[in-house]
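Reading through the structure tokens given below for one structure.
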Amino acid sequence: MTARRIRPPKQRREITIEHDGKRYPAYEGEPLAAALMASGVTVLGRSSKYHRPRGASCGTGDCGNCLVQVDGMPNRCACTTPCHDEMVSESQNVIGSAENDLLAMTDWMFPRGLDHHEMFTGLPLVQPVAQRIIRKLSGLGVLARTADSSAEREPRPPTIVDVLVVGAGASGLAAAEVAREAGAEVLLVEALNEPGGRRLGGLHCSPSDAKTATRKLLEMGVDIWPDSGAVQIDRTQGVLEVLILRPEGLFPVRPRATVLCCGGYVSTGVFPNNDLPGIMAAEWAARLITKWGMLPGERPVICADEPIAKALRELFVKAGAPPVRVLPISAAYADVWPGNPPEKLVTALGGKHVERVIVENAAGTEVVDCDLVVVASPPAPAFELALDAGAHVAYEEQSGGFAVRAGPEGGTAAENVFAAGTLVGPCTVEEAHAGGRTAGEAAATAALTLLQESYHSRENRDAS
Amino acid sequence: MPRSPRTIVCSCEDLTVEDIVQCIDKGYRDIESIKRYTGFGTGICQGKACLHLVARVLRSRGIKESDLAPFTARPPHRPVALGMYAELSVNPPPMNAEAANKADARKDEGFAGKDTGPGEEDPSVGREE
Ligand code: FES
């Protein structure tokens, strides 16, 4: 394992954190997973059933492979939890440590899998005992002993805005800008700790583009909430309410119109041992390098199509770790990819971290030594909020996901809910930007029409 | 400890391509049934990391595109501490004052509209009644 810090992140204080009883150096605000990786800790936890080693793989808080107990709170994502001085984290769901977990024996004891439909069932005495043990083995962290007294706080009144934009990627940034230009009051929420989306890692364009766009929005008077993920949409008596999860709690927002730009979820391929630490999403690897000065591996294998493959290659060469092999993205999904991919990633190998991959093509089979596999999968649309709101989705072959069905202006089956970017289908950053602009404009028009209507009806009511 | 070479499609519940294929062989050929049988999508990610992989497995095993639909999305879509829900007021405080203040501010920005004194309800509330 040769992940290492190539340069300190800009303007960050050096601090100390504790993980599983050991002390590690870190930079304030960097993701816990990045800090631990810098000290060679890449096994962050174990999977629930077979106790396979797991590390940070998506980097966006979506996959649940990097869960740790942080300052007493279970199930925090190490990939999105920022470090603070004297932070204490522990691995969960292990006997021993994440690195050496006794329970990992289940993985080799049951090579053909564990079927919970048949195991220990129907045996009157064995079943309850077995169940108790199984529950214990597959737990997720330990609850804090004392409850947070936050429930006694004053309830938060809902925030009312004309246009709420969910997600500050290419489409969200564009939608917010246009809606604001049209005269709407705009709130832009982003689940990660800074706006930029796909642009952050710099694979699609310079990350400074995202900074410039953000600065412009702030100057225009757009309200931007980072660290704020929309977790739920309800519609009661015709009023749409979005719940936003921030570190301090849940914030209800009632927008007149909503633009969903929630992007998509990445994955790391479908091949044996695809869950080994050291196999990660391209965007996460790119963000580690560009933003946190963390090189996640010395000998990367890259699975990506152009133009992202080129951007990744350049990124790693510049970081002093030229790729040992570049494969088309289909190679990482060969078993489930439509058609017959020319190359195939047959398997990844390694104990607790990826050590080599086997590649097969027309020329034969090849073993490639590596310590990192970077996968740039087509993102699968994050459609959940859209479904909450009442939009429709349809299967989308390229990502294997379900894309929101939207009209030419981004309108969905849900009233005053618009969608743009990856959410409506695979797109380049430029296409996402253009889609965001159209949807932002339509949302502003819808919101302002609503506002005008309510003024008029009020005037009429007052006049009569 | 040696590891078994599994191809994981649902990392929360440790389900493999083989598990899904067995499920198809047993006659479960849609996402909802496969979820109920295997438990995929019921872990901490709630389907974010696995739904599209299971869909790919189904497609590659001959299931028609038009037969694929996601399972019901159940909020919250990210883990939320229960205390945070407890903190939300069940009956949100009336928005009158705030909404009215906003409306006043908007009038100054040049929006048509009569003075709406405090006591008016928010324009977006109850619009559909
Ligand atoms: S949730 Fe942290 S790596 Fe996926």
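Here are a few things to note about the model shown:
- Against the test of being at pLDDT below 90 and farther than 16 Å from A:ASP335 by Cα, the options B:SER11, B:SER89 yield a single qualifying residue, B:SER89.
- Region A:168-190, subset more than 12 Å from A:VAL259 (Cα to Cα) and among the aliphatic types (A, V, I, L, M), residue surrounded by the fewest Cβ atoms within 10 Å (Cβ to Cβ): A:ALA182
Results for (1) out of contact with any Cys (no Cβ under 8 Å at 6 or more places or on another chain); (2) at pLDDT below 95; (3) more than 16 Å from A:LEU260 (Cα to Cα); (4) outside any helix (DSSP H, G or I), shown as yes or no for each residue.
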| site | (1), (2), (3), (4) |
| --- | --- |
| A:LEU385 | no, no, no, no |
| A:ALA414 | yes, no, no, yes |
| A:CYS427 | yes, yes, no, yes |
| A:ALA444 | yes, no, no, no |
| A:LEU451 | yes, yes, yes, no |
| A:TYR455 | yes, yes, yes, no |
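- Counting only residues that are more than 11 Å from the ligand (Cβ to nearest atom) and either of a type outside the set (A, V, I, L, M, F, W, C) or under 24 Å from A:ALA382 (Cα atoms) (or both), region A:41-52 holds 8 of them.
- Residue in region B:29-41 that is over 22 Å from A:ARG52 (Cα atoms), among the hydrophobic types (A, V, I, L, M, F, W, C) and either within 15 Å of the ligand (Cβ to nearest atom) or not in a loop (DSSP other than H, G, I, E, B) (or both) present: yes
- Where A:GLY55 falls short, out of the listed (1) near the ligand (Cβ under 9 Å from one of its atoms); (2) farther than 17 Å from A:ILE289 by Cβ: (2)
- Tallying residues that are farther than 21 Å from A:THR2 by Cβ and within 21 Å of the chain's Cα centre (by Cα) within region A:305-335 yields 7.
- For A:THR214: the one exception among (1) surrounded by fewer than 18 Cβ atoms within 10 Å (Cβ to Cβ); (2) of a type in the set (S, T, N, Q); (3) without any contact (Cβ under 8 Å) to a residue 60 or more places away in the chain: (1)
- Long-range neighbours under 6 Å by Cβ, at least six apart or interchain, first residue within 12 Å of chain B (Cβ to nearest Cβ) within region A:74-85, second part of a loop (DSSP other than H, G, I, E, B) and near the ligand (Cβ under 9 Å from one of its atoms): A:CYS77/A:GLY61; A:CYS77/A:CYS66; A:THR80/A:GLY61
- Scanning region A:58-70 for residues that are surrounded by 24 or more Cβ atoms within 10 Å (Cβ to Cβ) and more than 8 Å from the ligand (Cβ to nearest atom) turns up just one, A:VAL68.
- Any hit, region A:315-327, residues being in contact (Cβ under 8 Å) with a residue 60 or more places away in the chain, crowded, with 19+ Cβ neighbours inside 10 Å and among the β-branched types (Val, Ile, Thr): no
- Unmet criterion (only one of (1) more than 21 Å from B:CYS12 (Cβ to Cβ); (2) away from the ligand (no atom under 16 Å from the Cβ)) for A:ASP107: (1)
- Tally, over region A:3-27, of residues that are on the phi < 0 side of the Ramachandran plot and either in contact with a Leu (Cβ under 7 Å, 6 or more places away or on another chain) or not in a strand (DSSP E or B) (or both): 11
- Of all residues in region A:251-291, those that are polar (S, T, N, Q), away from every other protein chain (no Cβ under 13 Å) and out of contact with any Pro (no Cβ under 9 Å at 6 or more places or on another chain) total 0.
- Candidates A:PRO53, A:PRO31, A:PRO82: the one that is surrounded by fewer than 24 Cβ atoms within 10 Å (Cβ to Cβ) and either modelled with pLDDT under 95 or not charged (D, E, K, R) (or both) is A:PRO82.
- Applying the criterion of at least 2 residues that are more than 16 Å from the ligand (Cβ to nearest atom) to the strands (runs of 3 or more DSSP E) found wholly in region A:263-359 leaves A:300-303, A:325-327, A:344-349.
- Per the conditions (1) of a type in the set (Ser, Thr, Tyr); (2) away from chain B (no Cβ under 13 Å); (3) crowded, with 18+ Cβ neighbours inside 10 Å, the sole criterion not satisfied by A:THR365 is (3).
- So B:LYS64, is it away from the ligand (no atom under 16 Å from the Cβ) and either closer than 30 Å to A:PRO74 by Cβ or modelled with pLDDT of 85 or more (or both): yes
- Remark: B:ARG78 matches the filter, which requires a residue to be surrounded by fewer than 22 Cβ atoms within 10 Å (Cβ to Cβ), within 16 Å of the ligand (Cβ to nearest atom) and modelled with pLDDT of 90 or more.
The values are calculated or read from the model by the stated rules, or taken from the named source; none is laboratory data. What you are looking at is a predicted structure, and each value in this text was computed from that prediction instead of being measured. For neighbour counting, all protein chains shown are included, and Cβ atoms are generated from backbone atoms with ideal geometry for every residue, glycine included.
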